[in-house]
Amino acid sequence: MLARSQHALDLFHFLKVKNKNILEVYNRCEEVIILLFSNRDLKKMIIPLIIEQVLALTIGIFDTMMVSQCGQSAVSGVSIVDGLNVLIINIFSALATGGAVVCSQYIGKKDEKMACHSAKQLLFTILGLSLVIMVLCMIFNGNLLNLIFGHIESDVMAYARTYFFFSALSYPFIGLFNGGAALFRSMGNSKVAMTNSFYMNIGNIVLNYFFIFILNMSVKGAAIATLLSRMFCSFIILYMLLNKEHIVHIDTYLKYKFDFSTVKRILKIGIPNGLENGMFQMGKILVQRLVSTFGTAAIAAHAVAFSLTSIAVVPGMALGLAILTVVGQCIGANDYQQAKYYTKKLMIIAYISTIISAGILLVGVRYILRFYALPQDTANLAVSMVSLHCVFDFFVWPMAFSFPNALRAANDATFTMIVSTFSMWTFRFALSYVFALYLHMGVIGVWWAMIVDWIFRSICFMIRYKSNKWMNRTLV
């Protein structure tokens, strides 16, 4: 797993150029610190992460694509609930991130016992929270949708209520799967989550076809298919965590004792990250409420464009997760030089891979949209949105969303929360109304406001990183 530092090779070349004695070169190189992760280790981590993120996103894409055969109202109803689902799922992901950072730092300290203890506390915390959210969403189904989205066409609301009910049933399984996947990533093992995501997608596609096209269950069929596939994969990943050969594992699920001090460490990352993600998604939902005032065509185009552009940023999302694990272990080992080295290296990879993926989507978007049953005007609007997103993916997205995971891994999540929350409400939310209504840009104005949000985040995170104020913030 260990590899000689790239800095050693640079030093070797420098001294050789300066005609120093070769023995001196060798001795100096031997003193250079060895890296925690080799290129092979990073490759084994990053490739499955990218595949996993693609598979996770394609669940929503296949749902939208198959439901689109039932009409624009069905697509709009599903897209409205998906926005709310992302908000709730991000709460679970935030807790999982907190657990992953804690476990990664314990692994870096070589304290496997506390890493396993923290893992168990994480899973039971997520389970308790997800059950509470599930019950509340099922009880206040229609009231929540009316409160958040306001007046929506009656057929769209009917589809939304159905999809929301069955989505709520899946929340505990989503939470446990996210928690389990985060724990495997903290060990540098991203293949497990990738494999389970693959099975989830295959099951979802097959069940979607069965419920939607054979049983003619429309939106309800899509929701049930997603529920069943998530149930199956959450059970699988929980079972795999019982394997004591893993560095982080669970001894038993039958006995549990709440440990406030460990949960507090998890929440120290999870709460700021959860508030950040929650505010971000809530802002997006309220922006979607603005989008809904432009009619069903705008809602459908907005939904399809968002699902497609999510693919373009998959590499950046995957590299963000890799940064969380790698930098977390470096911080646990109290090695900030390696934390900086890997942050730079992984961000370069994030930019290169994002440019490739966004470029492919930009070229092929019109061909991809042929698989959606959309009117031509709606499809053209979606193309404009996707094109704008892809162009700025090249320059800004990884810095705005992948890069801050280095700060979170170093226990600087409060700063990222403050910046993200301010930027969300000031730019993505308030500026959307300015662009869309006062400057008469319509739904495209919402997307331009989003770009301004990205740029502001990027600038703030880079300034923070350069200041070194994120260093020496002890967590474990």
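The values are calculated or read from the model by the stated rules, or taken from the named source; none is laboratory data. Because the structure is a prediction, the values reported are computed rather than measured. Counting neighbours? That spans all protein chains shown, and the Cβs are built from the backbone with ideal geometry, glycine included. These area figures cover heavy atoms from the full protein model, side chains too; ligands, DNA and RNA do not enter into them. Shrake-Rupley method; radii C 1.70, N 1.55, O 1.52, S 1.80 Å.
Before moving on, here are some points about what is shown:
- Test for Gly98: is it surrounded by fewer than 24 Cβ atoms within 10 Å (Cβ to Cβ), under 20 Å from the mean Cα position of the chain (by Cα), of a type in the set (Gly, Ala, Ser) and assigned to a helix (DSSP H, G or I): no
- Qualifying positions in segment 185-218 - open to solvent by 40 Å² or more (accessible area, probe 1.4 Å), farther than 30 Å from Gly98 by Cα and part of a helix (DSSP H, G or I): Ile205, Val206, Leu207, Tyr209, Phe210, Phe213, Ile214
- Cβ separations smaller than 6 Å between residues 6+ apart or across chains give the following pairs from segment 145-164 residues that are farther than 15 Å from Gln72 by Cβ to residues that are open to solvent by 20 Å² or more (accessible area, probe 1.4 Å) and part of a helix (DSSP H, G or I): Phe149/Arg289; Gly150/Arg289; Thr162/Lys220.
- Counted residues, segment 398-418 - those being open to solvent by 10 Å² or more (accessible area, probe 1.4 Å) and either at pLDDT 90 or above or within 17 Å of Asn90 (Cβ to Cβ) (or both): 7
- Within segment 181-188, one or more residues are modelled with pLDDT of 85 or more, of a type in the set (Phe, Trp, Tyr) and within 17 Å of the chain's Cα centre (by Cα).
- Checking each residue in segment 363-379 for being open to solvent by less than 60 Å² (accessible area, probe 1.4 Å) and either more than 22 Å from Ala297 (Cα to Cα) or outside any loop (DSSP other than H, G, I, E, B) (or both) picks out Gly364, Val365, Ile368, Leu369, Thr378, Ala379.
- Qualifying residues in segment 142-180 (those that are part of a helix (DSSP H, G or I) and among the polar types (S, T, N, Q)) - the one least open to solvent (accessible area, probe 1.4 Å): Ser167
- Failed criterion for Ile148 (all others in (1) over 28 Å from Gly270 (Cβ atoms); (2) in contact with a helix residue (DSSP H, G or I) (Cβ under 7 Å, 6 or more places away or on another chain); (3) hydrophobic (A, V, I, L, M, F, W, C); (4) modelled with pLDDT under 85 hold): (1)
- Criterion (open to solvent by 40 Å² or more (accessible area, probe 1.4 Å) and either in contact (Cβ under 8 Å) with a residue 12 or more places away in the chain or assigned to a helix (DSSP H, G or I) (or both)) met by exactly one of Ser353, Ser384: Ser384
- Hits in segment 36-48 - residues which are modelled with pLDDT under 85 and open to solvent by less than 20 Å² (accessible area, probe 1.4 Å): Phe37
- For Asn277, the conditions (1) open to solvent by less than 40 Å² (accessible area, probe 1.4 Å); (2) not in a helix (DSSP H, G or I) are fulfilled apart from (2).
Residues are listed down the side, and each one gets a yes or a no for (1) closer than 25 Å to Ala350 by Cβ; (2) among the aliphatic types (A, V, I, L, M):
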position: Ile271; (1), (2): no, yes
position: Leu275; (1), (2): yes, yes
position: Ile285; (1), (2): no, yes
position: Thr296; (1), (2): no, no
position: Val304; (1), (2): no, yes
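- Looking only at residues in segment 281-333 that are touching a residue at least 24 places away in the same chain (Cβ under 8 Å) and outside any helix (DSSP H, G or I), the one that is surrounded by the most Cβ atoms within 10 Å (Cβ to Cβ) is Val313.
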